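> Structure in structure tokens, see below.
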Amino acid sequence: MSRTSVTEHSNLDTFEERVLERRVGPCRLIMLPTPVQSVVTWRGSFMSYPDLDADEDLLQNVVVSLLDKGTRRRDRFAIAELLENKGAQVQFSSDGLYVDVSGRALREDVPDVLGLVAEQLREPLFGETEVEKAKARIGASLRRSMEKTGSQASGALTRQIYSISHPNYTPDPAERLARLESIGPEDVVQYHQRHFGGNAFTLAVVGDLDPDEIVESVRKHFSGWKEHDAPPAFSASAGPCRDGRTVVSMPGKQNVDVRMGHPVSFRRDDPEYIPVYLANYVLGGNFSARLMQTIRDEMGLTYGIRSGLYGITAQYEGHWQVAVTLSLENVERGIEETLREVRTFVDEGPSAEELADKKTTVIGSFKVGLATTSGLASSLLKNAERGFDVGYLDRFPDEVNGVTLAEAKAVIAKHFNPEAFHVAVAGGISDATR
């Protein structure tokens with residue numbers, strides 16, 4: 001199947017003019033016809049509301065990993081054969097409070113493939129053998145993460161910033177492995193019954209589509225999908241977070257990953273999000289940012305350093321983080337120089353030239369992300385999940401361009417405080433070497 005580029009579409013058209021929206025049963029259906037021949041791509045999600053205090057997001061991972069392993073009507077081999085014969089793709093993933101589904105098919109095959117998607121979501125067959133295989137796969141992934149300095153540092157930082165009931169909290173991998181072992185087939189069945197339904201079900205469909213055919217396919221396969229009654233069970237606020245340092249000693253590792261960060265008190269739909277995002281991009285958003293130029297290029301202390309806003313959604317708050325990889329001999333100097341550069345940036349803010357350059361980069365990246373049907377579908381879905389109208393995709397470049405230097409400096413002073421950083425260090429270092 002060829003790459004589904006949509007770059008030849010007229011730039012004069014707006015998303016607000018081109019996108020069609022319908023309510024079909026429990027589904028908010030967002031459709032965007034494009035000039036791509038024969039191919040249709042979709043991205044969808046619904047809110048599952050796992051109980052994070054009970055570590056149900058891990059159980060959700062198991063459930064989602066089994067959706068392509070058989071239904072009450074056909075086994076996994078029949079599913080694979082159907083998709084292969086049609087040259088179609090379907091993927092499911094677990095994303096915190098959401099379950100996501102994505103796919104691609106030829107135009108004439110979309111009704112059949114959407115029917116399969118509905119069957120997989122609504123009528124999965126959780127065989128005992130498949131449950132054990134899924135647990136083994138997830139367990140192997142957890143064990144690999146325990147060997148990665150970056151994963152260990154990132155996880156340690158989240159455990160300082162968030163409560164266990166926050167979607168961004170990362171449980172200790174050893175504790176997750178123990179919890180994973182206790183999950184049985186009946187737990188999987190019960191979770192699916194309690195948490196799978198049409199809650200905030202949104203489907204973005206892009207490509208060579210006939211809107212009436214898509215509406216009819218969704219109505220046929222999803223109109224009877226009822227909402228579940230699992231309540232939201234998560235904390236929306238980040239912090240409070242103590243400053244200081246957490247060390248995860250990993251003997252034998254020749255490098256050290258450092259994550260330093262603190263919670264922020266805004267969400268994705270806050271008017272200050274874009275100014276904060278741009279300000280951070282100047283500091284550590286790409287290879288031409290301040291941190292790369294100073295800590296890597298000028299001082300030679302690292303191969304990689306970046307800063308970013310993490311885990312911020314329209315539903316809950318996240319954190320600001322600086323990440324750097326250091327050699328054992330450069331740990332303390334690397335941390336010290338990184339903090340010095342961050343403090344300087346917070347005190348002085350970006351220059352007008354830096355801000356203008358990053359505006360161009362951010363807008364360019366945004367437009368590149370809209371150049372394929374996959375990127376368009378993903379953007380439409382995320383935009384809907386954030387509660388924005390479709391026209392926000394048209395307004396986004398102007399919103400970025402509209403950020404003033406004074407605005408950027410003001411949000412830096414308000415939201416960035418390196419003195420409040422908690423520093424998480426993971427690698428071949430012990431607490432005694434501090």
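The values are calculated or read from the model by the stated rules, or taken from the named source; none is laboratory data. Everything numeric in this text was worked out from a predicted model, so none of it was measured. Cβ atoms come from the backbone with ideal geometry, glycine included; neighbour counts cover every protein chain shown. Please note that ligands, DNA and RNA were not included when accessible areas were found on the heavy atoms of the full protein model with its side chains. Shrake-Rupley method; radii C 1.70, N 1.55, O 1.52, S 1.80 Å.
> What number of residues within region 119-132 satisfy the criterion of being surrounded by fewer than 18 Cβ atoms within 10 Å (Cβ to Cβ) and either free of Cβ contacts under 8 Å to residues at least 24 places away in the same chain or under 25 Å from the mean Cα position of the chain (by Cα) (or both)?
So the answer is 2.
> Do you know which of the residues in region 95-118 that are open to solvent by 40 Å² or more (accessible area, probe 1.4 Å) and closer than 22 Å to residue 382 by Cβ is nearest to the chain's Cα centre (by Cα)?
95
> If the requirement is being among the aliphatic types (A, V, I, L, M), surrounded by fewer than 20 Cβ atoms within 10 Å (Cβ to Cβ) and in contact with a Leu (Cβ under 7 Å, 6 or more places away or on another chain), which of these qualifies: 405, 380?
405 is the lone residue from the list that is among the aliphatic types (A, V, I, L, M), surrounded by fewer than 20 Cβ atoms within 10 Å (Cβ to Cβ) and in contact with a Leu (Cβ under 7 Å, 6 or more places away or on another chain).
> Does region 147-164 include one or more residues that are in a strand (DSSP E or B), touching a residue at least 40 places away in the same chain (Cβ under 8 Å) and crowded, with 17+ Cβ neighbours inside 10 Å?
no
> What helices (runs of 4 or more DSSP H) completely inside region 4-109 contain at least 3 residues that are without any contact (Cβ under 8 Å) to a residue 12 or more places away in the chain?
Qualifying helices (runs of 4 or more DSSP H): 76-86.
> In this structure, does residue 69 turn out to be open to solvent by 20 Å² or more (accessible area, probe 1.4 Å) and at pLDDT 95 or above?
Yes: the conditions hold for residue 69.
> Examine region 176-187 for a residue that is of a type outside the set (Gly, Ala, Ser) and under 29 Å from residue 255 (Cα atoms), and state whether such a residue exists.
Within region 176-187, one or more residues are of a type outside the set (Gly, Ala, Ser) and under 29 Å from residue 255 (Cα atoms).
> Here is a follow-up. Consider residue 208 against the criteria (1) open to solvent by less than 40 Å² (accessible area, probe 1.4 Å); (2) under 25 Å from residue 317 (Cβ atoms); (3) in contact with a Pro (Cβ under 8 Å, 6 or more places away or on another chain): it satisfies all of them except one. Which criterion is unmet?
(2)
> Hey, another quick one. Look through region 333-353, keep the residues that are in contact (Cβ under 8 Å) with a residue 12 or more places away in the chain and of a type in the set (D, E, K, R), and return whichever of them is farthest from residue 36 (Cα to Cα).
Ranking the qualifying residues of region 333-353, first place goes to 333.
> Check whether at least one residue in region 85-94 is closer than 22 Å to residue 200 by Cβ, surrounded by fewer than 17 Cβ atoms within 10 Å (Cβ to Cβ) and either under 20 Å from the mean Cα position of the chain (by Cα) or not acidic (Asp, Glu) (or both), and report yes or no.
Yes; the residues of region 85-94 include at least one that is closer than 22 Å to residue 200 by Cβ, surrounded by fewer than 17 Cβ atoms within 10 Å (Cβ to Cβ) and either under 20 Å from the mean Cα position of the chain (by Cα) or not acidic (Asp, Glu) (or both).
> Taking residue 375 and the conditions (1) at pLDDT 95 or above; (2) surrounded by fewer than 18 Cβ atoms within 10 Å (Cβ to Cβ); (3) under 30 Å from residue 203 (Cβ atoms), which numbered condition does it fall short on, given that it satisfies the others?
(2)
> Assigned to a strand (DSSP E or B), of a type outside the set (Asp, Glu) and surrounded by 15 or more Cβ atoms within 10 Å (Cβ to Cβ): is that true of residue 322 in this structure?
yes
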